[in-house]
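The values are calculated or read from the model by the stated rules, or taken from the named source; none is laboratory data. Small disclaimer: the values here were computed from a predicted structure and weren't measured. Note: ideal-geometry Cβ built from the backbone for every residue, glycine included; neighbour counts use all protein chains shown. Note: areas computed on protein heavy atoms with side chains; ligands, DNA, RNA excluded. Shrake-Rupley method; radii C 1.70, N 1.55, O 1.52, S 1.80 Å.
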Amino acid sequence: YKRQVYYCLARFDDALEAYSKSLDIKIKVVGHDSPQVAVTHTNMGVAYGRQGDHENAHSQFQKALDISMSVVGSNHPDVAKAYVNLAWINMKQGNEIECKAHLGNALQTNFLWMAKSFLQSDQVFEPVRDEAWFCELLDSANATSEVQTHAAMALSELSNGNVRKQTAVLEAGGIPLF
């Protein structure tokens, strides 16, 4: 927990040292390809990014993406988060083209909607907020969110044994019935 305290106090060098020690321990305990190791790489990437060390931030986010892809596959919230982090660091570097590509990849995971508030509020995305591609991306994320909400509600009704209500929820959400 010391690493989070350092991070909150903007003591990024101390936070990175603590994250590095934590990473070494996690790799020894659970191996290199584990979600816990990916999370630590993400945390290190954020600390490097806040510190202004964009190159190391990018490297850490890429490691988190690679691990997440190998552990959970391409259609998972952890993968979407890794792509959004790569988009964030690319925008900090002034690379809008790479940012757009990473956000497009995040959209393909069907979980970009989980980062919508971050994309709408973090100042680093201010230069592209009014761009048509960015607005369309957020609209697509919203649509995905609505479909997933209806699917989750339908699953809940199904698990409660209410097939009629499940069917109605799916139809209301525009989700085709098989």
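Below is a table of values for the structure above.
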quantity: Among residues of the range 47-62, those that are open to solvent by 30 Å² or more (accessible area, probe 1.4 Å) and out of contact with any Lys or Arg (no Cβ under 7 Å at 6 or more places or on another chain), counted; calculated: 10
quantity: Helices (runs of 4 or more DSSP H) wholly inside the range 97-178 containing at least 1 residues that are at pLDDT below 75, touching a Phe, Trp or Tyr at 6+ places or on another chain (Cβ under 8 Å) and under 30 Å from residue 50 (Cβ atoms); calculated: 132-159
quantity: Whichever residue in the range 72-93 is open to solvent by 10 Å² or more (accessible area, probe 1.4 Å) and over 8 Å from the mean Cα position of the chain (by Cα) and, among such residues, is nearest to residue 115 (Cα to Cα); calculated: 76
